[in-house]
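Scroll down for the structure; my scribbles are underneath it.
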Amino acid sequence: MFPNEIIELFNHKSIDKDWSFSECKPSDTGKWTHGYHRYPAKFIPQLAEKLMDTYIKNETACVNDPFMGCGTTVVSAISRGFHASRTDINKIAFLMTEVKAKAICPDYLKKKVNKFLSEICPSEKGDGLFSKTHIEPHIPEKHLEKINYWFTESARDELGKILAVIRKEEEPVIKSFLLVAFSHVLKTCSIWSLSSTKPSRDFNKRPTLPYDATKRHLLKMLKGNSHFYDVVPSHVKDNPDSYLKLQLGCAKEQLVPDDSVDLIVSSSPYVTSYEYADLHQLSTLWFDYADDLKEYRKEFIGTSYKHYQNKSIKSLIASNIVDEMTQKNKKKAKEIEAFYIDMQEVFNESFRILKPGGRCCYVIGNTKLRGVDILNAEAFADSLQHSGFKLDRLIKREIPLKILPQTRDEKTGRFASRDKADAQAYPTEYIVIGLKE
């Protein structure tokens, strides 16, 4: 299709109510292991499941997600007994997906978690954690200044002791399980403002006590694992590593063979939304996943820290968006340009790994920034064709359940509260589906 035909198609596309899943409750969308860790802008498992039910016809299928995020697609694939391959540059995303996708024997996991909780239990005298033994807090020295920025001294030391006990766990799958719980509670135990979409401190906040937060979340995770264990086929539970292939790296270069994937289901980063490296920086600091946060950010697709000088956009729709933004803000235009260049390379990689007859399904929304319509979905549809795909289907859906701010200030482009905002950020979104013929 020509760019003007794509624009026309989108202009006349109506909302498909069957893909809104408005009947789903939080308990439905957070089922199994999906509630292990908070993650911004994640799509619900019902969406991934419906795409798999629609397009996968064989029991040995391989499902891929080049932007694994918190693992929604891979958990859904594993629950159906499919092979799953996934990639993400975000080390926290890699950790949480690795844990969420593995069903652990509930009785054994409960025994290990109870043992861990007994080791970190508060003293009966009320003088802090670890009444049974002395534990030296594990606090990465190189990040001490930044950790002190976000945590009170008492919270920092108690978290350091909890992390020290986790690090002593010798069984990798249990250690990772405990690390995910630790990562999840960091924001509630800090003075990080939970009402802000950007990293900011709230000095009026009363942080949750580390032991209380950790125990409460681990008990929730135990329930989620038990439910997940009940639905995962036995042949997958017995050989998890044969069905789960995760890669820490860039979506543009996956360690997946040519013509080996049946279906790709993914929600890419949004160039005008989140800095994922910033939003997960507390975990990155505590786990010492990056020496320099600024340099770490530059590796992410969609980051405002990336510009290209010697690459160009193939999609005319994407190019027109950049040209229009250049008239408003040259710096923001370069950020958007880098995003579309990166995504073109991701689509090229998607085409390489898909089997003939396979489909890629990219979930993406449009927005308006500084008066410019950011037509991400139209640009994706155009770019997929440049990678060799046939534009197979377009689904427009409401997103009543997506954890994503819905309003922004049109002039600045920043997310804002409803009483101060003058534009909706992502009132609907699209599933753009490409077919490899």
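The values are calculated or read from the model by the stated rules, or taken from the named source; none is laboratory data. Values in this document were obtained by computation on a predicted structure and should not be read as measured data. Note that each Cβ is placed from the backbone with ideal geometry, even for glycine, and that neighbours are counted across all protein chains shown. All accessible areas refer to the heavy atoms of the entire protein, side chains included, with ligands and DNA or RNA removed. Shrake-Rupley method; radii C 1.70, N 1.55, O 1.52, S 1.80 Å.
The phi torsions of the stretch 164-173, fed into the Karplus equation with coefficients 6.51, -1.76 and 1.60 and a -60° offset, translate into couplings of 4, 5, 4, 5, 7, 5, 8, 8, x, 5 Hz, rounded to whole numbers, with Gly and Pro shown as x. For the stretch 203-264, the fraction of 1.4 Å probe accessible surface lying on carbon and sulfur atoms is 49 percent. Compared with the dominant principal axis of the Cα atoms in the chain, helix 91-100 is inclined by about 80°.
Remark: the chain carries 44 Å² of accessible area per residue (probe radius 1.4 Å; ligands, DNA and RNA excluded). With N the number of residues in the stretch 53-188, Rg(Cα) / (2.2 N^0.38 Å) evaluates to 1.30. Across the chain, C-alpha contacts under 8 Å between residues 6 or more apart give a mean separation that, scaled by the residue count, equals a relative contact order of 20 percent. The heavy atoms of residue 291 offer some 120 square angstrom of accessible surface to a 1.4 angstrom probe. Think of each Lys and Arg Cβ as +1 and each Asp and Glu Cβ as -1; about the Cα centre, that makes the dipole of the chain roughly 860 debye. Applying Stokes-Einstein at 4 °C and 1.567 mPa s to the Kirkwood radius of the stretch 163-255, computed over alpha-carbon pairs, gives a translational diffusion coefficient of 80 µm² s⁻¹.
Rounded to two decimals, the Cα radius of gyration of the stretch 109-231 over 2.2 N^0.38 Å is 1.10. Cross-link pairs exceeding 24 Å between alpha carbons, from the set 42/220; 245/390; 42/245; 146/223: 245/390; 146/223. What the Cα convex hull of the chain gives, in volume per residue, is 148 Å³.
Evaluated at q = 0.17, 0.18, 0.21 Å⁻¹, the base-10 log of the normalised Debye intensity for the stretch 197-320, with identical point scatterers placed on the Cα atoms, takes the values -1.30, -1.33, -1.37.
About its Cα centre, the dipole of the stretch 58-178 is roughly 240 debye, where the only charges are +1 on Lys and Arg Cβ and -1 on Asp and Glu Cβ. Among the protein heavy atoms of the stretch 52-202, carbon and sulfur supply 48% of the accessible surface, probe 1.4 Å, non-protein parts ignored. Shape analysis of the stretch 315-371 based on the Cα gyration tensor places the equivalent ellipsoid semi-axes at 28, 12, 8 Å, largest first. In percent, how large is the relative contact order of the stretch 146-271, given Cα pairs closer than 8 Å and 6 or more residues apart? Relative CO of the stretch 146-271 lands at 18 percent. Bridge orientation summary for the chain: considering DSSP beta bridges with both residues in this region, about 55 percent are antiparallel.
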